[in-house]
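What follows is one structure encoded as structure tokens, with my remarks underneath.
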Amino acid sequence: MEKHRQHYLHAADRALQNYDSGKACIAVRKQVGHIGFSGYSMVKFRAEGASGSYLVTVYYAEGDRNIHDYRTAIRSHLLWLEALDRDTDLVVQRPVHNLSGDFITDVESIGDRPFLVTLLRWVDGDLVWDNYGDEAFVDLPSGILHNVGSVLGELHRHSSRWTPPEGFTRPGSEPEKLQLDLNRLRPAADDGRIGACDFAVLERTVCQIIEQVTEMDRSPRFRGLLHGDFSCGNCIAHGDEIRPIDFDWCRFGHFLADVGWCFAVNPMSSTRCEAFLHGYEQQCKFPDNHLRTIESFFIESCIRLLSWRAGNPEEVFPTLPRFVEGVCRKYLEREPFVLEWMEEL
């Protein structure tokens, strides 16, 4: 692991030589992020130079894949960031061109793999919520969550009006992916970590969600580029201003998928949910039956999160029965839950 980390640092250092960034260098020999996405992974470092602070991202392919196959997708997400910086008042991680005028810098093979490297302007401030991934409720003032929702609405409003350039490529959201996520949970049902009755309810719920998603309004007003990983943990607070970060998972789909994901990774009380949704609607109008749509994407997101854990045979799911009873059964019975369920569980 340490050997690979040195390779990532070396790639970042070499790439920085290709930017007019005030002789920026890695400020602390410590990575600030390491995540995977659909065939490739990213390692992130902070760099400092005379012209400011930067986020350096080193991309490498997983397994026997070729990182150059993902060049267009990586550049596409940077094109959206550039458009958001140009077209809105949002403060985002603006991409920086290298000396060749490209957003992406190639670094020749180090060890057994080549790298692609990008440079973004660093966004100053503090994380709105720094407990990403645990099950603690987001306990923030309603005013902050109103502003967080407003920022997401502004992202979606821009997406609904922006025409991506020719060749723009990002993944899409297909209902079949939810079925794949459920299938990844099946081994946990087979070995008893998930009860048979609970898994049967999950199966019925997935079928209902796929039917619901298929019937959703496909108007450009409600579909386009999503952040893909929007949460309080991916928002920076700078005074009263909320600044979204980490667009690496951006994809095409229904806008309310971002809301469902945010509620799944950042559980909120009903008051906080309502503040978030009110802020969102001030920027981007909801479609008809929007709470049912958010509930669909909320459950989809929870199943995706569960599926990531199922591959570990030692992983158990002690809260799953409550989720099945308090969420899935209500969904199947068409009983609204998105503004009440967290306080009941």
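The values are calculated or read from the model by the stated rules, or taken from the named source; none is laboratory data. Predicted model, so just to flag it, every value in this text is computed and none were measured. Here the Cβ is made from the backbone with ideal geometry for all residues, glycine too, and neighbour counts use every protein chain on show.
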Quick check, is residue 100 part of a helix (DSSP H, G or I), farther than 30 Å from residue 314 by Cα and not aliphatic (A, V, I, L, M)?
no
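Take the conditions modelled with pLDDT of 95 or more and farther than 30 Å from residue 220 by Cβ and apply them to residue 167. Does it pass? Let's see the steps before the verdict.
Details: modelled with pLDDT of 95 or more: yes; farther than 30 Å from residue 220 by Cβ: no.
Against the criterion (modelled with pLDDT of 95 or more and farther than 30 Å from residue 220 by Cβ), residue 167 does not qualify.
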Extreme residue, nearest to residue 188 (Cα to Cα), among residues of region 292-323 that are surrounded by 22 or more Cβ atoms within 10 Å (Cβ to Cβ) and of a type in the set (S, T, N, Q):
296
List the number of the failed condition for residue 31; all other conditions in (1) at pLDDT 95 or above; (2) in a loop (DSSP other than H, G, I, E, B); (3) within 23 Å of residue 244 (Cβ to Cβ) hold.
(1)
Which residues, counting only those in region 103-131, are exposed (fewer than 14 other Cβ atoms within 10 Å of the Cβ) and either under 25 Å from the mean Cα position of the chain (by Cα) or at pLDDT 95 or above (or both)?
124, 126, 130
Please go through region 169-190 and give me each residue that is in contact with a strand residue (DSSP E or B) (Cβ under 9 Å, 6 or more places away or on another chain) and either within 18 Å of residue 200 (Cα to Cα) or surrounded by 15 or more Cβ atoms within 10 Å (Cβ to Cβ) (or both), ordered by number.
170, 171, 173
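Residue-wise test of (1) in contact (Cβ under 8 Å) with a residue 40 or more places away in the chain; (2) loosely packed, with under 15 Cβ neighbours inside 10 Å; (3) within 23 Å of residue 225 (Cα to Cα).
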| position | (1), (2), (3) |
| --- | --- |
| 11 | yes, no, no |
| 14 | yes, no, no |
| 19 | yes, no, no |
| 36 | no, yes, yes |
| 57 | yes, no, yes |
| 73 | yes, no, yes |
Identify all residues within region 191-200 that are surrounded by 14 or more Cβ atoms within 10 Å (Cβ to Cβ) and assigned to a helix (DSSP H, G or I); write none if there are none.
198, 199
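Can you tell me which of 252, 337, 298, 286 is within 22 Å of residue 217 (Cα to Cα) and in contact (Cβ under 8 Å) with a residue 60 or more places away in the chain?
When all the criteria are applied, what remains is 252.
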Take the conditions in contact with a strand residue (DSSP E or B) (Cβ under 6 Å, 6 or more places away or on another chain), surrounded by fewer than 24 Cβ atoms within 10 Å (Cβ to Cβ) and modelled with pLDDT of 95 or more and apply them to residue 242. Does it pass?
no
Please determine whether any residue of region 45-59 is under 19 Å from the mean Cα position of the chain (by Cα), modelled with pLDDT under 95, over 20 Å from residue 111 (Cα atoms) and part of a strand (DSSP E or B).
no
Is region 201-214 home to any residue that is touching a residue at least 24 places away in the same chain (Cβ under 8 Å), loosely packed, with under 15 Cβ neighbours inside 10 Å and acidic (Asp, Glu)?
no
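Being touching a Gly at 6+ places or on another chain (Cβ under 6 Å) and either at pLDDT 95 or above or not assigned by TED's automatic domain parsing to the domain that holds residue 159 (or both): is that true of residue 284 here?
Working: touching a Gly at 6+ places or on another chain (Cβ under 6 Å): yes; either at pLDDT 95 or above or not assigned by TED's automatic domain parsing to the domain that holds residue 159 (or both): yes.
Yes, satisfied.
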